[in-house]
Structures are given as C-alpha cells and as structure tokens.
Number of protein chains: 2
Amino acid sequence: MKNSSPEYLANLYKNALLDDVIPFWEKYSIDEEEGGYFTCLERDGSIYDTDKFIWLQARQVWTFSMLYNRVEKRDQWLEIATHGYQFLKQYGRNKEGNWYFSLNQQGEPLIQPYNIFSDCFAALGFYQYSLATDNKEARDIAIATYQNILARQDNPKGQYEKSVPGTRPLKGFALPMILSMLNLELEEVLDTNQVQQSIDHCIQEITDVFWDSKKKIIHEYVLQDGSYSNSYEGRLVNPGHGIEAMWFIMEIARNRNDQELIEKAVQIVLDLLNYGWDEEYGGIFYFLDAKGHPPLQLEWNQKLWWVHLETLIALSKGFRLTDNEKCWKWYQKVHDYSWSRFPDPDNGEWFGYLNRRGERYTPLKGSKWKGCFHVPRALYECWQTFEELTKLQKSKQT
Amino acid sequence: MKNSSPEYLANLYKNALLDDVIPFWEKYSIDEEEGGYFTCLERDGSIYDTDKFIWLQARQVWTFSMLYNRVEKRDQWLEIATHGYQFLKQYGRNKEGNWYFSLNQQGEPLIQPYNIFSDCFAALGFYQYSLATDNKEARDIAIATYQNILARQDNPKGQYEKSVPGTRPLKGFALPMILSMLNLELEEVLDTNQVQQSIDHCIQEITDVFWDSKKKIIHEYVLQDGSYSNSYEGRLVNPGHGIEAMWFIMEIARNRNDQELIEKAVQIVLDLLNYGWDEEYGGIFYFLDAKGHPPLQLEWNQKLWWVHLETLIALSKGFRLTDNEKCWKWYQKVHDYSWSRFPDPDNGEWFGYLNRRGERYTPLKGSKWKGCFHVPRALYECWQTFEELTKLQKSKQT
C-alpha cells in the first residue's frame, strides 16, 4: 500500500463511491422509458440486456435510499430510489405477495417467485426507501414481505423445490445469513421479541451449526440436524460468503456490546482467509471443496469482485473493533490485490470477474448478478470505518 | 499430426478405447455393494462422491451395451451393463414412470424428475441393453419412456418450470437434438410413421429454426414461433452442442441417402468451428454470446473435453462422407489440440476441463456431468470412421 493512513483510506473510499461508482449508475442504469433500472451494462455503460432482475432492482433501491439516508439528502438520489421503488411496487409481486425472480423491460413477469432472496432484497430495499421518504406503503410492504419470508423459510422454493423430501434434508447457510442482515436493518420496525429471537437463532446457526470449528470453514449446506453431509452440497465452501456473513455478525454484536462475539467473528474471518486465499496467484477462491476434491463449479478458482469487497469490509471492521494486527496485515494484502485489479480507471465502476491469475476475462460492469450493490455498499462501509479510525487516531494523539 | 494415415488413426482410437478408457471405468466405477456406477472419480480413479446421477448411470449402461453389441461379445461388458440396468430399473423412476435426476448411493431418490434428459438417456441405455440381451422388459421400458418423452415434450419440466407462461415462450435446441439421437437409435422398434415424422420435424427444427443461416450460428433457444429472442437465453451459443447435433444429422442423412443434407450438416460444422474457435489460445469456446456481449456463464471461455471429442467425430465423419478438404484441415487442428491436452498418460481416461489457455484446472475423471460416455463414444465413432477410410483407401489402391 502506498499510503495506509486511515485518513487517506477514508478519502479513497469516499471519492471512489461519490465521484466514480455512483455516477456510473446514475448515468447508465436508469430506464427512463419503462421504469426501473438497467443492470446489464458493458464496460462503457452501454446496455446489452434489458431484463429486470428483482434482486438487482431492489438492491439498487436500497443503495440510493441508503445514500440519501446516511450520506446526504440529494434530490437526485431520492428520485433514483423512487424510480425503482415504483417499478417494483407495480410489477414485482404476484397475487400472493411473493416476489418474482425477473421481469422483462416492461415489467411483465418472466421467472416465477422460486427464489426467496428476491423477497429478502425487496424487504431491504423497501424498508430503506421508507426511511428516506417516511412512505408508509413502502414500510408496510417491507414488513409484510419480512413476515412472508419467515413463513416461507422452511420451504423457500415451494413447488419449485426439486429435492425429494426426506432423503437428504439439507439447509442452506444463505438463509440465516440474509436473515441476520434483514433483522439488522429492519430491527426498529419489527416486534422486539420476534426480532431478538430471530437474531439469536441466526447467530447460533451461523457460528455453531454452519461454522465447522474443527475444519475452520463454513459449510454452505448442512443436514437439518446440523450434521455434515458428505455430498457436493455438503462439501461446498464459499469463503467470500462466510466472510460477508461475519461482518453482519460484527454489526449485530456491536449493537449488543458483545465483544466476545466480535472476537469470534474476526477469528472466523481470519480462518476463512487462511483457507480461501490462493497462495500461488493471490486473491480469494470463489468455491472450494471441504475435502479438497474437485468442486463442481467450473468457476471455482475465479476471483470475484464481491468476494474481495466483502472481505475488505470485514477486515477493516474487524481491525476497527478488535485492534487485531492480523486483521490489518490481511487488510493490506487484500487491499493491494483488489485495488490494483478491479477498478476500471477509464470508465468508472469495478470489473467483476477475474480468472485465477487475476486477469479480467469478461469486461462487464453489470449483469444478471452484478448490479449497483456490492461495490457502493463496500465503499460506503470502508469509508465509514476508516473515518472512525481517523477520529480514534486523532483522539489518541490529542 | 505425426501420422495422419487412416490406418494409424483407426488404431489410435481403437487402442485408446479398449486399452485405456474402458479399462479405467471397468476398474473404478462399479459399485459392488449397492449396484450402479460411481462416476465421481479423481484423476487416479478414487471415488470422491457416491451419488448416482441418472444421466450418467444410463449413459454407462448404453456404453457397455453398445460395446457388447458393436465391438465384441465380452461377458464382462454385458455384466457391467446388467449391473447398471438392474439398479436403474429398480430405483430410477417414480410411480408415473418419470426418471429421477439423481439418487443416493443406495438408490433412494434425491432430485425429482424435473429433467427430461434423464428419460432420454434412460431410453437410449435401456434400448441398447435390450439389443444386447434380447430382454423384453428393457425394451418395453425404453419404448414406454420414449412415448412418455414425446408426451412431455411441450412442458418437459412440469411443475418445476420456473418461467411464467406467455411472457417469453422459449424453446430449446437440446430437445430436437436429443430426439434425433433417440429416433436414430430406437428407429427399428418404433412405429415407422411416427418415427419418420419425428425425424423430419427434428431436422427441420435444427437446420431451419435453430440454425441461423445469416449469423452462421445455432441458437440454444428461440421463441416458440422460431424467431430470435434478444435475451441471455436467445443470444446463447454453445458451438460444441451444435457440432454434436450435426453428426447426428449426418447419420440420419446417411440412412436416408440424403447427400444434400450431409453437405449442409458439414457446412454448419465448419461455420460453427470458424465461429467458436479461439484464435488466441486454440480450442473451442464453451459458450459465446451471439451479439458478442459478455456471456452469463463464468466458464464461457473454458475448453471442455466433450466439445472437442464431438468435433472430432463430426469432422472425421464429415470428411468420410463428403471428401471436403476443409474438414480434413480442421480435423488435424482439433486432433492436435485435443490429443495433446486431454488424455491422461499416467492414469488413463481423459481430463475434462481446461482453462482458456488449455491448462488443466481440475483433475477429475468423472463427476456429476462427466461419466463413461463422451470419451468412449467418440473413440468408437472415430475408430469406425477411420477404419472405413482405411478400407476406402485400400480399395482405391487396388
């Protein structure tokens, strides 16, 4: 790192967010004709596909609402959030209130509500939007969606569930992970008992059930009783996914003043990095097999933008909250890897996908899966953390 | 190529099939305890997962029955075919006669019959097995499965279909492609009118509807009315898939003495190779976007074993049937690429997955998707073609 002062880093993240990344989405992603956002954007921002994916639509509502709520009351940000909110409110749900997976440009439904994460991101986006506008309807839809997620959580895919009941009853790490995020964000508006119970359950699932303290990995799937399943799903490890969940846990623990839980989350981040770091070419692997067998995912050794950004959040927060020097060493390593490869100096925003060697193999800025979310959220979170560290440093000096 | 005489090549393929690849599966894939086959095999043949995937179970029944029927009446081959046949007959179907997608080692169903290609490979395997044994039950199940496929072909995924009816009604290239294979194999035992009608329909779909004569590509999906869909699915091109279908078409055309159709299929192979060949690193891309946009598949630039083997079949057959020198030039290029990278000189069988540069990035010999099928089928087909060419050459010399 050229400059590792918290002040320098706070500015680096702030400027990247406000002068580079957000302007990219402001300029290229708004569908003025049909509403909502374009997310399938080439390197230069030109649109190559017009479908509307609920995950990404709702995440962009969240991002612009969050910026409005937490950074600055810019009219343009609220307008952009409203633009997506209205499109989603009108077209996003079926009659039962379940969120579709995708719509075409005009908002007609393409893919059925088989994926409960659409609902999760819709609840996050609508609630954040309701805070920006004091919009009761947005808040009501967010709460109803949250309740619907809880009601559906034991069979989230409904009729689209392809596994035969009983033979190998797996549960996924993604659900407690996203629920902890949801509880963290919607806490104020939910029933206190319900939300505390749900948070307790999430923490327990994540840190006791999915976290394998012997192997020092997080399993993406375990059996319903919490035991290990020796199957493709059971052996699957997604280090970035686990690391992302750990900074949610750090935030929850911080709210609860639970330093022990913070320390545990930080240790898990460090363990996952030791496990997931590619010693040969650098960067964090996308998928690994817990027993070292060939992963099924042909993209297993690729280096993805969000994995590295979530890691930068987790490490900077971890260092901020524990002063653990190992966090700081790892932060610098992941910082150097990420900042030298992912940002696009010519067109703004970050590239998404590198091969094992760290070379870009697809130039897209947005797609069915990459939108206006991980990059701005990480830039915001790291900015805040380094600002806190700057203040701490100054208060120590005086 | 060191030696490009048909006689040398016939021997190369024959020896690879009989002395290298088939012994690998004979040695490592038989589940003596629970029946059926292991397909998830490491480089050295050791088993890393015990699930039974219907595609691969049925394909291995086909391979060993085919060898018995076409190469030599070896008892061991028939025993191995019987071993898989009995397991599949006992555990493979639900009450409605639809084939599951996967079972656990003991044969208990894991994944529901959402995937009609399970049924297609079951029909192929069971019919080939019935020819080996004159087993009426195997033939009856094959025919019932074939009829069931025809009945389900308009909604092959049933309740598991996630697209909303009407918004963007797509149809896939894979179905007419596999149906042409099914018709080719089961022709003798099916109603003549029905099979000829089905073949005519497949040829028309493949060469008129999915083949785009302007862009010189085969679309993996088109709209129900045959028109182009500007969507991720509509833009998807899988060159190896199209090339594989073309050698099915060559075989159909050969049976019908339709030289014009043969010439057309050969020209499509050459066009797809021009389109799909990686000029920078060599090899055939896995996926491309018809408009040159970033493909959604993160593995798009990888080089897969089956793509190259199907191409070797198509080019050798194409050369044999048309004497087209372009086929021969391409054959040599793809031969050199494939034979220098895919076979494993230490442990037998072929590796499956190379990165864009042609380097191996996963050492597996078998998995959820790679089994005892593409390699032995291609080795057999090329062996036969080069034997035919050897005979032709000798008859010309005398």
Exercise. Please list the equivalent ellipsoid semi-axes of the protein assembly as shown, computed as the square roots of five times the alpha-carbon gyration tensor eigenvalues, in descending order and whole angstrom.
Key: 49, 27, 27
Quiz item: Counting partner chain Cβ atoms within 10 Å of every residue's Cβ in B:157-166, what's the average?
Solution: 5
Exercise. From other protein chains only, count the Cβ atoms within 10 Å of every residue's Cβ in B:108-114, then give the mean.
Key: 4
Practice problem: Report, for A:Lys394, each distance to the same residue's label point in the other copies, shortest first and in nm; define the point 7 Å along Cα→Cβ. | Solution: 9.1
Quiz item: When only alpha-carbon atoms count, how far does segment B:66-177 stretch along each of its three principal axes, as whole angstroms with the largest first?
Solution: 54, 30, 19
Practice problem: Rank A:Thr63, A:Ile47, A:Ala16 by how far each Cα sits towards the positive end of the charge dipole of segment A:1-68 (+1 on Lys, Arg Cβ; -1 on Asp, Glu Cβ) and give me just the farthest. | Solution: A:Ala16
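Counting only other chains, and only Cβ atoms inside 10 Å, what mean value do you get across the residues of A:297-305?
Whole-number average of other-chain Cβ neighbours for A:297-305 is 4.
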Practice problem: Once every Cα of segment A:215-352 carries one equal point scatterer and solvent is ignored, give the base-10 log of I(q)/I(0) from the Debye formula at q = 0.09, 0.15, 0.22 Å⁻¹, two decimals. | Solution: -0.28, -0.76, -1.31
Quiz prompt | GNM result for chain A, Cα springs below 10 Å: residue of A:Asp212, A:Asp336, A:Asp75 fluctuating most strongly | solution = A:Asp75
Practice problem: May I ask you to order A:279-288, A:225-234, B:308-317, A:113-122 by the average number of other C-beta atoms within 10 Å around their residues, highest value first? | Solution: B:308-317, A:113-122, A:279-288, A:225-234
Practice problem: Kindly write out, for segment A:259-266 in residue order, the coupling ³J(HN,Hα) from the Karplus curve 6.51 cos²θ - 1.76 cosθ + 1.60 (θ = phi - 60°), rounded to whole Hz, with x marking Gly and Pro. | Solution: 5, 4, 5, 4, 4, 5, 4, 5
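Relative to the compact globular guide of 2.2 N^0.38 Å, what is the alpha carbon radius of gyration of segment B:117-246, as a ratio? Can you show the working numbers first?
Numbers: Rg = 15.9 Å, N = 130, 2.2 N^0.38 = 14.0 Å.
Relative to the 2.2 N^0.38 Å estimate, segment B:117-246 comes out at 1.13.
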Practice problem: Over the alpha-carbon set of chain A, divide Rg by the Kirkwood Rh and report the Rg/Rh ratio to two decimals. | Solution: 0.94
Quiz item: Taking a label point 7 Å from Cα toward Cβ, how far is B:Gly172 from its twins in the other copies, in nm, shortest first?
Solution: 1.9
Self-check item: Per-residue HN-Hα couplings for segment B:176-185 [Karplus 6.51, -1.76, 1.60; θ = phi - 60°; Hz; x = Gly/Pro]
Solution: x, 5, 6, 5, 5, 5, 4, 4, 4, 7
Quiz item: B:Ala290's amide H: which non-local residues (gap 5+, or another chain) put their own amide H closer than 5 Å, with H modeled 1.01 Å from N in plane and none for Pro or chain starts?
Solution: B:Leu236, B:Val237
Quiz item: Shortest first and in nm to one decimal, what separations exist between B:Ala144 and its copies in the other chains, measuring from label points 7 Å along the Cα-to-beta-carbon line?
Solution: 4.8
Quiz item: Got a sec to turn the phi values of segment A:311-316 into Karplus ³J(HN,Hα) couplings, 6.51 cos²θ - 1.76 cosθ + 1.60 with θ = phi - 60°, whole Hz, x for Gly and Pro?
Solution: 5, 4, 4, 4, 6, 5
Exercise. Using Cα pairs closer than 8 Å and at least 6 residues apart in sequence, work out the relative contact order for chain B, in percent.
Key: 19 percent
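Can you tell me the dipole magnitude for the protein assembly as shown around its Cα centre, using point charges on the Cβ only (Lys, Arg +1; Asp, Glu -1), in Debye to the nearest 20?
Values: 88 positive and 112 negative charges, 179 e Å.
That gives the protein assembly as shown a dipole magnitude of about 860 debye.
Values in this text are rule-based calculations from the coordinates and carry no lab data. This structure is a prediction, so every number in the text was calculated from the model and none was measured. All Cβ positions, even for glycine, are placed from backbone atoms using ideal geometry, and neighbour counts span all protein chains on display.
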